[in-house]
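What follows is a set of notes on a single structure, which appears directly below.
Taken together, the values in this text are just the output of simple stated rules run on the coordinates, not laboratory data. Since the structure is predicted, the reported quantities are computational estimates derived from the model, not experimental observations. Glycine also receives a Cβ, built like all others from the backbone with ideal geometry; neighbour counts cover every protein chain displayed.
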Amino acid sequence: MSAEPLHVAVDLAGRPYDILIARGLIAQAGARIAALSPGARVAIVTDETVAGLHLGTLQSALDAAAIAHSAIVMPAGETTKSWAHLGRVVEAILAARLERNDLILAFGGGVIGDLAGFAAAIVRRGMRYVQIPTTLLAQVDSSVGGKTAVNSPHGKNLIGAFHQPALVLADTALLDTLSEREMRAGYAETVKYGLIDQPDMYDWLEAGAWRGIFSGDETRETAVFKACRSKAAVVARDELETGDRALLNLGHTFGHALEQAVGYDPARLIHGEGVSIGMALAHRFSHRLGLIERQDMVRIIRHLDAVGLPTRLQQVPGGVGDAASLLTAIRQDKKVKRGALTFILTRGIGRSFIANDIDPAAIEAFLADELASEASAA
């Protein structure tokens, strides 16, 4: 790696941190961490898949910087975001005798980032941690902003804390080993930023930049940079999601309900696929309410289809249950206030907004119609 990494500053009062983006950045991890926290020891939290592919490279970088380290290797998959696995991570950190000024390294995708970040939030009443995201989804979204959590049988991400990382190192070369399916899932979170409030970014992606993200040219770094810059600005304004940070959940209220409906089974649905269907549903529901022109709705859904992402409930293998059960899952969403449903809806591309007090009966009727429909996308 010769050029300087792209840099995004997350400007939180008293707790700023940097996001660095480049190919080959993992080779600098030891030097970057040593500069961040001289003398700190490190516990690497990762999963079996990432460990088999990349753990040795990270350990060599830490060795080169004379950083003492241990590894905590967890099973891969969404079911690892549980109380039981959180307990295993916490106990392993304590067994390694890490002190409060040492560091936890979250080395994996969104599941590991959430799990390791939550452990960092609660061990010794709070330790610092570094995010080294290994999936596109984690690089553009979940590694930034300090949301950490595990899942409950009642719903996704219901048990957690806001705990900001001290540094994010996004090595885009790590994405070369991802499956096409995982890349597509990460793309759903990437295009989301354009759909929320950046129509120029959406136009750029739709016009062909999305192909460069998949092929691994310099477009990939640019896309990660654009997404992180957008999220960093929102987090700086609304760290604890009391206001417009909720916009980042476009597609997620529907998507999380779908993940719960399939029991977090990755063979049937992974997070980014749920978000893609959720964004399509949000745009179709917005059209049903007369908020968005049909041509914009069709354009968005056709783009998601072209990328290879699912956009309809019927595309989830094994089905997702009925409208009533999906509504029950939606009622557990973290944005529900005093029982009132909140959704991120839209008036057009890049014109999303927070819609409060959505009638549950309207949502249930919409989902029933969607489940009954065998029509093609849009």
Task: Ranked 8, 262, 90, criterion: other C-beta atoms within 10 Å, fewest first - done: 90, 262, 8
Open item on the list: Quick check: the angle from helix 110-122's long axis to the longest principal axis of the chain, C-alpha only, nearest 10 degrees?
Closed with: 60 degrees
Open item on the list: Quick check: the distance between the Cα centres of segment 187-262 and segment 151-168, to the nearest angstrom?
Closed with: 18 Å
TODO: Loop only per DSSP, at most 10 neighbouring Cβ atoms within 10 Å: give me the chymotrypsin sites (Phe, Trp or Tyr not before Pro) in segment 231-298, ordered by residue number.
DONE: none
- [ ] Note the angle between two axes, namely the Cα long axis of helix 252-261 and the longest principal axis of the Cα atoms of the chain, as a number of degrees from 0 to 90, rounded to the nearest 10.
- [x] 90 degrees
TODO: Any of 81/156; 156/231; 192/231; 81/231; 81/192 with alpha carbons more than 19 Å apart? Name them for me.
DONE: 156/231; 81/231; 81/192
Open item on the list: Through the Karplus equation 6.51 cos²θ - 1.76 cosθ + 1.60, θ set to phi - 60°, convert the phi angles of segment 83-92 into ³J(HN,Hα) values in whole Hz; use x for Gly and Pro.
Closed with: 4, 4, 6, 4, x, 4, 5, 4, 5, 5
Task: Cα centroid of segment 26-45 to Cα centroid of segment 49-84, whole Å - done: 13 Å
Task: segment 201-319: C-alpha gyration tensor shape, a/c 1.5 cut-off, then a/b vs b/c - done: rounded
TODO: Would you work out which of 242, 210, 119 lies farthest towards the positive end of the dipole of segment 117-269? Charges go on Cβ: Lys and Arg +1, Asp and Glu -1.
DONE: 119
Task: Expected 222 nm ellipticity per residue - DSSP helices of 4 or more, -39500 (n - 2.57), all of the chain, to 500 - done: -12500 deg cm²/dmol
Open item on the list: Skipping prolines and chain starts, which residues have an amide H placed within reach, meaning under 5 Å, of the one on residue 129, given they are 5 or more residues away or on another chain?
Closed with: 104, 166
Task: Among (1) 17.1; (2) 20.9; (3) 19.1, the entry derived from the coordinates for mean projected area of the Cα convex hull in nm² - done: (1)
Task: Normalised contact order of segment 180-372, rounded percent, pairs of Cα under 8 Å and 6 or more residues apart - done: 25 percent
- [ ] Identify, among 60, 133, 92, the residue whose Cα sits farthest towards the positive end of the charge dipole of segment 6-176, taking +1 on the Cβ of Lys and Arg and -1 on the Cβ of Asp and Glu, with the dipole about the Cα centre.
- [x] 92
Open item on the list: Loop-only trypsin sites (Lys or Arg not before Pro) in segment 38-126, please: DSSP not H, G, I, E or B, and at most 10 other Cβ atoms within 10 Å.
Closed with: 97, 100
Task: Set of aspartates and glutamates with alpha-carbon distance to residue 226 below 17 Å, sequence-local pairs under 8 removed - done: 4, 11, 18, 141, 171, 189, 197, 200, 203, 206, 217, 218
Open item on the list: Report the gain in length on full extension from residue 331 to residue 97: 0.36 nm times residue separation, minus Cα-Cα distance, nm rounded to one decimal.
Closed with: 80.1 nm
Open item on the list: Need the full-extension length gain, residue 211 to residue 351, defined as separation in residues times 0.36 nm minus the C-alpha distance. One decimal, nm.
Closed with: 48.0 nm
TODO: Based on other C-beta atoms within 10 Å, arrange 206, 48 from fewest to most.
DONE: 48, 206
Open item on the list: Pairwise over distinct Cα atoms, reciprocal of the mean inverse distance: report the Kirkwood radius of segment 257-378 in Å, one decimal place.
Closed with: 14.7 Å
Open item on the list: For a quick check: sort 276, 286 by the number of other beta carbons within 10 angstrom, fewest at the front.
Closed with: 286, 276
Open item on the list: From Cα pairs below 8 angstrom and at least 6 apart in sequence, can you work out the relative contact order of the chain, rounded to a whole percent?
Closed with: 15 percent
Open item on the list: Going 7 Å from the Cα of residue 306 along its beta-carbon direction, which residues of segment 192-211 have the amide nitrogen within less than 13 Å of the resulting point?
Closed with: 202-211
